Amino acid sequence: MEREQTFQKLPTFEEIEQGIYHREDDLSIWLPERFMTDENEYEDDILYLKRMYPGIAKEIAEFVEDECDKMEYAGSMMFDQYPDKVSVMKLVGDIYDKVKYHDEKSPYLKHLVQVMLCDEMHHRRCRYRRKRRYFF
């Protein structure tokens, strides 16, 4: 008797479509509207934090985002399970060449470019996986 009360009847698709079933905690995570709201909040949070970057990091971030925009297509090396380190380091070198006039003597500028590129790639890979999980 007690066991029967703990299990609730799952709604049918017709009940959900007609709006009869309203339990937010059960199905709301699967609704596309909920996914887009969460994704938009996540993107807003990232943009807010990027505004706190120091000047040189903001400039590097622009170049990093441009390079990642070019690689954001299905089959790109950015979305490989294990991206090729040589290709990533080539991108780091290309971006570094654009910003090296800030401080050519310091090796840390190139390291900063590498960290920012890897971070942006990670962000886009996670977003890609989340979208694939919900929509494909």
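If you scan the stretch 53-106, which residues turn out to be part of a loop (DSSP other than H, G, I, E, B) and either under 24 Å from Arg132 (Cβ atoms) or in contact with a Leu (Cβ under 6 Å, 6 or more places away or on another chain) (or both)? Please lay out each step first, then the result.
Step one: of the stretch 53-106, the residues part of a loop (DSSP other than H, G, I, E, B) are 53-54, 72-76, 80-84, 103-106.
Result: Glu72, Tyr73, Ala74, Gly75, Ser76, Asp80, Gln81, Tyr82, Pro83, Asp84, Asp103.
Among the residues of the stretch 107-117, is any at pLDDT 90 or above, more than 22 Å from the chain's Cα centre (by Cα) and of a type outside the set (Ser, Thr, Tyr)?
Initial filter on the stretch 107-117 (at pLDDT 90 or above): 108-117.
Cutting the leftovers down to more than 22 Å from the chain's Cα centre (by Cα) gives us 108-110.
In the following step, the residues that additionally are of a type outside the set (Ser, Thr, Tyr) were identified as 109-110.
So far as the stretch 107-117 goes, yes, one or more of its residues are at pLDDT 90 or above, more than 22 Å from the chain's Cα centre (by Cα) and of a type outside the set (Ser, Thr, Tyr).
Might you check whether a residue that is modelled with pLDDT of 90 or more and among the small types (Gly, Ala, Ser) occurs anywhere in the stretch 83-97?
Within the stretch 83-97, the first condition is being modelled with pLDDT of 90 or more, and the residues that meet it are 83-97.
Applying the additional criterion that residues be among the small types (Gly, Ala, Ser) yields 87, 93.
Yes: one or more hits.
Against the condition assigned to a helix (DSSP H, G or I), among the charged types (D, E, K, R), over 17 Å from Lys58 (Cβ atoms) and in contact with a helix residue (DSSP H, G or I) (Cβ under 7 Å, 6 or more places away or on another chain), how does Lys110 come out, does it pass?
Working: assigned to a helix (DSSP H, G or I): yes; among the charged types (D, E, K, R): yes; over 17 Å from Lys58 (Cβ atoms): yes; in contact with a helix residue (DSSP H, G or I) (Cβ under 7 Å, 6 or more places away or on another chain): yes.
Answer is yes for this residue.
For Lys110, state whether it is in contact with a Phe, Trp or Tyr (Cβ under 8 Å, 6 or more places away or on another chain) and either exposed (fewer than 11 other Cβ atoms within 10 Å of the Cβ) or of a type in the set (D, E, K, R) (or both).
Working: in contact with a Phe, Trp or Tyr (Cβ under 8 Å, 6 or more places away or on another chain): yes; either exposed (fewer than 11 other Cβ atoms within 10 Å of the Cβ) or of a type in the set (D, E, K, R) (or both): yes.
Yes, satisfied.
The values are calculated or read from the model by the stated rules, or taken from the named source; none is laboratory data. These figures come from a predicted structure and were not determined experimentally. Neighbour counts run over all protein chains shown; Cβ positions are idealised from the backbone, glycine included.
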